[in-house]
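Take this structure, written in structure tokens, and hold onto it; I'll ask about it next.
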Amino acid sequence: MTSLNIMDKKTWPTLLVEWASENVFIPESKIDKKLFDFITKNLTVEIYHASRLLEEEIADIKSFGLQVTSKNLFTKKLEYARPYLSEKAYSKIQSLTLYNEEWRKNSIYFILGDIPFVKSYWLFDGFLSFWGGEIVSMPKFSRVSIGEPCIVHLSLPCNLIKPTFCSLAECFLLAYKNKFEGVEFRLNQDVHPANVLDIYTPGTMQYNQYPELIKI
């Protein structure tokens with residue numbers, strides 16, 4: 001599959017550019033989405049996942065990919081974190097019976113867009129500041145700043161990317177007009193390690209080029 005960056009039209013195949021130029025001023029209800037689906041059938045799009053990670057968790061992502069939130073993942077992350085936590089913090093997190101809001105179970109959240117949007121998006125700012133991601137950090141009393149802020153850079157097939165508030169086709173049309181910053185979307189399946197392109201951490205060139213990330 002050919003991988004592209006929605007923020008960089010130079011990476012778009014010619015057919016996609018032509019589709020966008022022909023559809024860009026058409027009302028949403030008349031956008032040729034069937035043609036868009038046909039054009040993007042064999043394309044993958046670069047996306048980002050933001051989280052504060054321990055070394056053990058980074059190693060797991062490189063070896064096994066990203067896993068959806070689950071009780072097993074909660075237990076595994078907590079055991080990785082135990083050496084870095086006080087007994088009080090460990091006990092508090094361990095005592096969680098609702099380890100996550102119902103709507104975040106069995107899912108992974110991503111940003112389609114550019115890294116500055118990842119930082120400015122309020123949820124992801126929190127996930128870079130506090131360890132645990134969706135599965136631990138949501139209850140305020142359990143937040144801890146262990147590990148280091150990480151941006152996981154991935155590539156997923158277009159058919160798996162279903163933005164929360166609009167269609168993927170609309171995202172591309174906005175990007176074609178240079179009016180697209182980013183959008184969140186949820187995936188309800190694990191991501192294979194082959195789809196993980198890189199993990200940006202403080203000190204790496206990809207991370208340090210964004211001063212707003214260094215401040216975290």
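The values are calculated or read from the model by the stated rules, or taken from the named source; none is laboratory data. It should be emphasised that the depicted structure is a prediction, and the values quoted were computed from it without experimental measurement. Don't worry about glycine lacking a Cβ; one is built from the backbone with ideal geometry, like all the others, and counts go over all protein chains shown.
So that you can scan it fast, the table gives a plain yes or no per residue for (1) at pLDDT 75 or above; (2) part of a strand (DSSP E or B):
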{"site": "Lys92", "(1), (2)": "yes, no"}
{"site": "Phe124", "(1), (2)": "no, no"}
{"site": "Met138", "(1), (2)": "no, no"}
{"site": "Phe141", "(1), (2)": "no, no"}
{"site": "Ile151", "(1), (2)": "yes, yes"}
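Is it fair to say Leu112 is part of a strand (DSSP E or B), at pLDDT 90 or above and either in contact with a Leu (Cβ under 7 Å, 6 or more places away or on another chain) or over 18 Å from Lys77 (Cα atoms) (or both)?
Yes, satisfied.
Between a first residue in the range 12-29 that is farther than 15 Å from Phe180 by Cβ and a second residue that is part of a helix (DSSP H, G or I) and aromatic (Phe, Trp, Tyr), which pairs have beta carbons less than 7 Å apart while being 6 or more apart in sequence or on different chains?
The qualifying pairs are Trp19/Phe36.
To continue, here is another question. Do we find that Asp60 is among the acidic types (Asp, Glu) and surrounded by 19 or more Cβ atoms within 10 Å (Cβ to Cβ) in this structure?
Judged against the criteria, Asp60 is a match.
With the requirement that a residue be over 16 Å from Cys171 (Cβ atoms) and not in a helix (DSSP H, G or I), what does the range 14-41 give you?
Phe25, Pro27, Lys41, listed by residue number.
Here is a further query. Please enumerate the residues belonging to the range 199-210 that are surrounded by 13 or more Cβ atoms within 10 Å (Cβ to Cβ) and either assigned to a helix (DSSP H, G or I) or not β-branched (Val, Ile, Thr) (or both).
First, the residues of the range 199-210 that are surrounded by 13 or more Cβ atoms within 10 Å (Cβ to Cβ): 199-201, 204, 206-208, 210.
The answer is Tyr200, Gln206, Tyr207, Asn208, Tyr210.
Another question about this same structure. Checking Lys33 against (1) without any contact (Cβ under 8 Å) to a residue 24 or more places away in the chain; (2) over 20 Å from Gly113 (Cβ atoms); (3) basic (Lys, Arg), only one condition comes out false. Which one?
Just one mismatch for Lys33, condition (1).
For the condition within 18 Å of the chain's Cα centre (by Cα), crowded, with 20+ Cβ neighbours inside 10 Å, within 29 Å of Phe36 (Cβ to Cβ) and at pLDDT 95 or above, what is the one hit in Val183, Val191?
Val191
Determine whether Gly147 is crowded, with 20+ Cβ neighbours inside 10 Å, among the small types (Gly, Ala, Ser), modelled with pLDDT of 70 or more and farther than 21 Å from Ile47 by Cα.
Judged against the criteria, Gly147 is a match.
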